[in-house]
Amino acid sequence: MNIRENFQMACKLEALGKWPIDLSIGSPDIEIPNEFYKYRDLVSLQDKTFFNTILTKDGRPILDEDGDVRITMKNPHGYGNPMGYPETRERVASDVTDMLGIDLTSDDVIMTGGAIQGIHALLSTFFRDGDSVMVMRPFFGPYLDLLKVHSLKPVIIDSTSDFDINLEDVIEKFEDGVKGIILNDPNNPTGKIYSAEIKKELATLLPLDTIYIEDTPYSQLVFEGSFVSMLHYFKNAFHVNSLSKNLAVPGERLGYIAMHPDNKRAGEVAKTIQLLQVNAPINMQKIIRYMGVNHSFAYDLYKHNIDVMSECLDKHGFEFNKPEGAFYIFAKLPEGLALGEFESKMHEGYDPLFAPDGSAFGYDENYIRFALCKDTRVIDRAVSKFDRVLGK
Ligand SMILES: Cc1ncc(COP(=O)(O)O)c(C=O)c1O
């Protein structure tokens, strides 16, 4: 079963009175920090005030010629700029400059409806029907569907045995006419982070007109090593990021694309955004103007969950590399335990456990991906379930 099928099955069984342990989908099920609600309330209050009066910077109403309070006719819920609010883009540019160590201005930033919409916009802007785009296996499952929607041809290569970038294969395929690449770093499902050295080398080998889509919604969930953006090495790199994971608000749909300062193609992408979604969600943009994008609220929680689940999987004979980033463990089933048997054991009882197998990521079905972005009590229940059905 793919990720969505697992997730939907868990929801269905919950509605039927079971108590599923859902480790299928990477939607953080954790408490959102109060700060988010504080700014959401502030924005809501400002929107109401804004509709009635225009305030000076220090909060006094502006008066008209007759001395009456001037009323604005601007609906704060009207269509927005396809690039995003200037104030939000300024804040994002400043935060991304801090995060990536590259000097960006608001002209280098476009707000999107999450990372997915960012990828859509880039595919639609820079590729033509039938162009080939490379993805590296195991990959985030929806990449293939995204390419299909844009009539693009996936060229799939394997990562190395330790899930690193397979430089030789990448270069060989580019020599065969591949036009672009989507690389996810830190990686879902493997938890791998690609080193600065390998990216530097890749950048020297790629044709200069390659469109490099760096999909990085986990860039601030780094447990080992560091995340280094390809923007440092390659002018045609597009850094696609999102608030879905680090702020734990995926349903609110806000993300952004940051571009190399010498790229100057933001206007082209904005035209596509206008067609795809008109503008990114404006309420979230207003909140993020205040909150910024550099967060990793549940960092300690995810780290704890990874430790607890690693110990459990280790005990039961699964093979895996401890994730360097993101919040997943991608583990190979123990010798002698087939996928069918594992799933039927996990699905049995009042507390069925759900997690997608490797085929959901274009990979070997004997791997299981566990999404650990859940409350610690869910992970504790998963550990008990493993002990119960697989034997201590
Ligand atoms: C690698 C990767 N890219 C993109 C996304 C989608 O992110 P967003 O919610 O920002 O569209 C996800 C979500 O799980 C992901 O894991």
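Each reported figure results from applying straightforward, stated rules to the coordinates on display, with no laboratory input. None of these values were measured; they are calculated from a predicted model. Don't worry about glycine lacking a Cβ; one is built from the backbone with ideal geometry, like all the others, and counts go over all protein chains shown.
A crude spin-label estimate for the pair Q8 and D387, with each label 7 Å from Cα along the Cβ direction, gives 3.5 nm. Between helix 266-277 and the chain, what is the angle of the helix's C-alpha long axis to the longest principal axis, kept within 0 to 90° and rounded to the nearest 10? Compared with the principal axis, the helix lies near 80 degrees. A cut-off of 5 Å between modelled amide H atoms, ignoring neighbours fewer than 5 places along the same chain, links I21 with L353, F354.
Mean separation of Cα pairs under 8 Å and 6 or more residues apart, divided by the residue count, gives region 86-291 a relative contact order of 28 percent. Taking 7 Å steps out from each Cα toward its Cβ at N294 and A196 produces label points 1.7 nm apart.
How high is the relative contact order of the chain, in percent, counting Cα pairs under 8 Å that sit 6 or more residues apart?
Worked out over the chain, it gives 24 percent.
Residues in region 291-327, backbone N under 20 Å from the label point at L339 (7 Å along the Cα-to-beta-carbon vector): list them, ranges by number please. Label zone hits: 317-321. Taking amide H as placed 1.01 Å from N in the peptide plane, S159 has its amide H under 5 Å from the amide H of R137, each at least 5 places away in sequence or on another chain. Per-residue Karplus couplings for region 329-344, computed as 6.51 cos²θ - 1.76 cosθ + 1.60 with θ equal to phi - 60°, are listed in order as 10, 10, 10, 8, 4, x, 3, x, 10, 7, 4, x, 5, 4, 5, 5 Hz, Gly and Pro entered as x. A Förster distance of 45 Å, applied to the separation of the beta-carbon atoms of D164 and K38, puts the FRET efficiency at 0.60. Sorted on the mean count of surrounding Cβ atoms within 10 Å across their residues, most packed first, peptides 116-128, 148-160 read 116-128, 148-160. Separation of region 218-267 from region 134-184 is 19 Å, based on Cα centroids.
Across region 242-249, coupling constants 3J(HN,Hα) worked out from phi with the 6.51/-1.76/1.60 Karplus curve, θ = phi - 60°, read 6, 8, 4, 9, 6, 9, 6, 10 Hz, and Gly and Pro carry x.
Secondary structure note: in the chain, about 50% of the DSSP beta bridges are antiparallel. Extending 7 Å from Cα along the Cβ direction at Q46 and again at D380 yields two label points whose distance is 4.0 nm.
In a DSSP loop and with at most 13 other Cβ atoms within 10 Å, the trypsin sites (Lys or Arg not before Pro) in region 192-271 are K264.
Taking N as the number of residues in the chain, what value does Rg over Cα atoms divided by 2.2 N^0.38 Å take?
For the chain, the normalised Cα radius of gyration comes out at 1.07.
In a fully extended conformation the segment linking E172 and E348 would gain 58.7 nm over its present Cα-Cα distance, using 0.36 nm per residue. Relative to the longest principal axis of the Cα atoms of the chain, the long axis of helix 114-126 makes an angle of roughly 80 degrees. Its relative contact order, with pairs defined as Cα atoms under 8 Å and 6+ residues apart, puts region 97-167 at 26 percent. In the chain, the longest principal axis of the Cα atoms and the axis of helix 86-100 are about 40 degrees apart.
Going by neighbour counts of Cβ atoms within 10 Å, the residues V278, V293 line up, fewest first, as V278, V293. Each residue of region 183-198 was assigned a 3J(HN,Hα) from its phi angle through the Karplus expression (A = 6.51, B = -1.76, C = 1.60, θ = phi - 60°), giving 10, 9, 8, x, 8, 10, x, 7, x, 6, 10, 7, 6, 4, 4, 5 Hz with x at Gly and Pro. Taking the number of Cβ atoms within 10 Å of each Cβ as an exposure proxy, the fewest-first ranking of T216, T272, T112 is T272, T216, T112.
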